[in-house]
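The values are calculated or read from the model by the stated rules, or taken from the named source; none is laboratory data. Since we're looking at a predicted model, the values are computed, not measured. For neighbour counting, all protein chains shown are included, and Cβ atoms are generated from backbone atoms with ideal geometry for every residue, glycine included.
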Amino acid sequence: MAIAQGSIFEGPITVIRSGKGFFKIPDSEEELFVPGENLGTAFPGDTVKIQVSGTNTDPKSAEIRSTGNVLSVVKRARETFVGTIVPSDPANDFGLPGQFFLMPDFKKMYTPFLMVGDSMPVGQKVVARFEAWEKGQLRPSASLVEIIGPAGVHETEMRALALSQGFSSNFPPGVEKEAAELDTSGKDQLATEVEAAVTSGARRDFRTTTTFTIDPYDAKDFDDALSVRELTDGNTEIGVHIADVSFYVRPGTAIDDEARERATSVYLVDRTIPMLPEVLSNNLCSLNPNEDRLAVSAVFVLNKNAEIVEEWFGETVIHSDKRFTYENAQEVLDNNEGEYLKELVTLRDLADKIRARRVAKGAIAFDTPEIKVKLDENGKPIEVLLKERRATNLLIEDFMLLANEHVSEYLTKKGEAAGLEGSVVYRVHDVPDADRIENLTQFLKVLGYHLESQNGKVKGAAINALLDSVVGKPEEYLIKVSALRSMAKAIYSTKNIGHFGLAFEFYSHFTSPIRRYPDLLTHRMVKHYAEREKITKTEIAELEGLAQHSSEREVSAAEAERDSVKMKLVEFMADKVGEEFDAVISGVSDRGLYVELTETHAEGLLNVRGLGDDYFDHDQKRYRLVGRRTKKEYVLGNPIRVKLIAARVQDKELDFALAENN
């Protein structure tokens, strides 16, 4: 459909590093191309007002495309930037003598910033605040906010990754003050609440019921525990007990305001940047063993087939008997002996049935290995490995999903009965975009696989069949990652559309309030219906905005986490320049081949110029490069032997060439 010349739209703009922009027309599949000279000082992600200005020809596809001209920037996506201070270089037409510039770490940023002020710390990573970009100015200007440290140093780079996404390890003074008060009085508050709430019946007492936590070996906060009790009728009572963060974190406090803003904890390769101060995350709220703790719980009575006979949601007091790691709980199951064997076997058997029923309904069984980079005490990477998923990981996941699903359904029904529209924060996952599924289908054909789909629509069962068919194959990791990338992104919303990936009609996050703000909101609604702590209509009206903000912060946290792993992967490879590796072609473009190493899953570019004495055409439909003279083909998914020729740690990039005996 042609876009009328002169039409004006508003929305976010995408800008690539070369300084070209793209603007997707709202409620349309149409897109405007924005030449660099038409960006009008817009930065990547800014909300802009844009006018359709004409057409031009795409030099690659030769297609005619509509162009746009940015009229104004309505809202900046970010006001602060992290980067390295460099001096001007007048000899190469880069600034005037005595000027200093910020070279942003943000890869999509297409221009440096002219720093305002004297004696800038050259070579240092800093946080700078955007000041202005007036008409006629060659560069935007920025002022110094914070010096992070020398570029290239581990501590500096990790802090810079977090700060570039708006996450700081430090808490504001008001939060520190409240945290210090909790450090002094928190245990007394807990003891008073335990006695009063159990006596009055406001909290169910699970302290004499067998209860334990199962977490990673290096976990410091334990926000979920499971209790197991056999009933006389042959059924089993399973309690999913979640740390009662909302008892300490109240609306209107500095701690709650900061938790709202952060919305999530961030897990970098070497550290956690918590959503809550440590006195809460690692102490008062953490379900530590051999201590009374407050919880908000989902309690299920299950029959032998793991079907729910009864369910209850509310406030509890628990006393964890043991802190298991995933490894030592698995050891008990594997050896068929050890502490709480009977309870662990019961949980495993019930979880297996819950999972089988979920998959039968169409839940997608994505089980993509997660990369872990081990560091020494100086932050230097010494080993790259894939995290192993054990039966105990699945067991915990299954009961957390069960609780999330049924708490969501419970709150939905309660909200409908009370006439409280928009009172539930759902975790929703839309059906995949039809174009993405079509592209995935074509990609799989090239690799010799079939995905059953119709007009871009696919069922979870078809994706599961595909995933089952690649288990143990060399291309397993590539196909699993590609299938995952073709899915929609799960987000938070008060408008329920269900969860495609899990095949749930109702789904909310309930089980991790220490590290996710939406879970804390869910807890408050559970308490609202228990008549203990009422939520005002004003607070309910804020939920959609909080859901959207939490989704945005989750994306920022994930980017920081991915960048930290990528940086350490590149650093791990830095002393291996000149060595050869087995790899698989993970992407094909005009620039060359993207290759992923078989052992470490580190990814980099093999430039098209390094493919030999030939001109290679990019066949987009068949995901391949083809030599015009030699007819040599490089096809997506093919194994390839490569030689590492460069590792640029600051850029988080690896460059490869063909190995001599490829």
Looking at region 278-288, is at least one residue at pLDDT 95 or above, in the same structural domain as L543 (by TED's automatic domain parsing) and closer than 30 Å to G234 by Cβ? yes
Out of (1) more than 25 Å from Q165 (Cα to Cα); (2) outside any loop (DSSP other than H, G, I, E, B), the one E258 does not meet is (1)
In region 165-176, which residues are in contact with a helix residue (DSSP H, G or I) (Cβ under 7 Å, 6 or more places away or on another chain) and part of a helix (DSSP H, G or I)? G174, V175
So which residues in region 424-456 are in contact with a strand residue (DSSP E or B) (Cβ under 8 Å, 6 or more places away or on another chain), crowded, with 18+ Cβ neighbours inside 10 Å and in a helix (DSSP H, G or I), if there are any at all? I437
So which residues in region 624-662 are among the charged types (D, E, K, R) and on the phi < 0 side of the Ramachandran plot? R624, R628, R629, K632, E633, R641, K643, R648, D651, E653, D655, E660
Candidates R348, R323, R357, filtered to the one that is at pLDDT 95 or above, in contact with a Ser or Thr (Cβ under 7 Å, 6 or more places away or on another chain) and basic (K, R): R323
For the list (1) of a type in the set (K, R); (2) at pLDDT 90 or above; (3) surrounded by 12 or more Cβ atoms within 10 Å (Cβ to Cβ), I need the number of the one condition that K107 fails. (2)
For the structure I just gave you, tell me whether V317 is surrounded by 15 or more Cβ atoms within 10 Å (Cβ to Cβ), within 23 Å of the chain's Cα centre (by Cα) and assigned to a strand (DSSP E or B). no
Residue check: is G604 on the phi > 0 side of the Ramachandran plot and not acidic (D, E)? no
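Let's see how each residue does on (1) acidic (D, E); (2) surrounded by fewer than 16 Cβ atoms within 10 Å (Cβ to Cβ); (3) modelled with pLDDT under 95; (4) closer than 18 Å to S141 by Cα:
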| residue | (1), (2), (3), (4) |
| --- | --- |
| I16 | no, yes, yes, no |
| G19 | no, yes, yes, yes |
| E31 | yes, yes, yes, no |
| T41 | no, no, yes, yes |
| N56 | no, yes, yes, no |
| E63 | yes, yes, yes, no |
| E79 | yes, yes, yes, yes |
| T84 | no, no, no, yes |
Failed condition for G36, given (1) closer than 17 Å to K108 by Cβ; (2) free of Cβ contacts under 8 Å to residues at least 24 places away in the same chain: (2)
Among the residues of region 390-399, is there at least one that is in contact with a strand residue (DSSP E or B) (Cβ under 8 Å, 6 or more places away or on another chain), in a loop (DSSP other than H, G, I, E, B) and within 26 Å of G472 (Cβ to Cβ)? no
Can you spot a residue in region 350-371 that is assigned by TED's automatic domain parsing to the domain that holds T522, surrounded by 16 or more Cβ atoms within 10 Å (Cβ to Cβ) and closer than 30 Å to E157 by Cα? yes
Among what's in region 123-150 and is on the phi < 0 side of the Ramachandran plot and assigned to a loop (DSSP other than H, G, I, E, B), pick the residue that is surrounded by the fewest Cβ atoms within 10 Å (Cβ to Cβ). K135
Given the criteria at pLDDT below 90 and surrounded by fewer than 18 Cβ atoms within 10 Å (Cβ to Cβ), does E660 qualify? yes
All strands (runs of 3 or more DSSP E) inside region 8-119 with 2 or more residues being touching a Lys or Arg at 6+ places or on another chain (Cβ under 8 Å): 8-12, 31-34, 47-57, 64-75, 80-87, 113-116
Have a look at K374, K342 and point out the one that is in contact with a Leu (Cβ under 8 Å, 6 or more places away or on another chain) and surrounded by fewer than 16 Cβ atoms within 10 Å (Cβ to Cβ). K374
Apart from one, (1) among the small types (G, A, S); (2) closer than 30 Å to G422 by Cα; (3) free of Cβ contacts under 8 Å to residues at least 60 places away in the same chain all hold for A530; the odd one out is (3)
Run K457 past the list (1) assigned by TED's automatic domain parsing to the domain that holds T522; (2) charged (D, E, K, R); (3) over 22 Å from the mean Cα position of the chain (by Cα) and report the number of the one that doesn't hold. (1)
Scan region 324-335 and tell me whether some residue there is in contact (Cβ under 8 Å) with a residue 24 or more places away in the chain and farther than 20 Å from L395 by Cα. no
If the requirement is being crowded, with 20+ Cβ neighbours inside 10 Å and in a strand (DSSP E or B), which of these qualifies: L593, L605? L593
Search result, residues across region 151-172 that are surrounded by fewer than 23 Cβ atoms within 10 Å (Cβ to Cβ) and in contact with a Pro (Cβ under 9 Å, 6 or more places away or on another chain): T156, S169, F171
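Table: residues versus (1) outside the structural domain of H509 (by TED's automatic domain parsing); (2) without any contact (Cβ under 8 Å) to a residue 60 or more places away in the chain; (3) buried (at least 17 other Cβ atoms within 10 Å of the Cβ).
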{"site": "D223", "(1), (2), (3)": "no, no, yes"}
{"site": "L231", "(1), (2), (3)": "no, no, no"}
{"site": "T253", "(1), (2), (3)": "no, no, no"}
{"site": "D256", "(1), (2), (3)": "no, yes, yes"}
Checking R17 against (1) under 17 Å from E63 (Cα atoms); (2) in contact (Cβ under 8 Å) with a residue 60 or more places away in the chain: exactly one of these is not met. Which one? (1)
Please state which one of R641, R622, R629 is part of a loop (DSSP other than H, G, I, E, B) and either under 23 Å from V481 (Cβ atoms) or touching a strand residue (DSSP E or B) at 6+ places or on another chain (Cβ under 8 Å) (or both). R622
A careful count of residues in region 269-284 that are surrounded by fewer than 21 Cβ atoms within 10 Å (Cβ to Cβ) and part of a loop (DSSP other than H, G, I, E, B) gives 2
I'd like the residue in region 412-433 that is of a type in the set (A, V, I, L, M, F, W, C) and within 20 Å of H549 (Cβ to Cβ) and, out of all such residues, is nearest to the chain's Cα centre (by Cα). V428
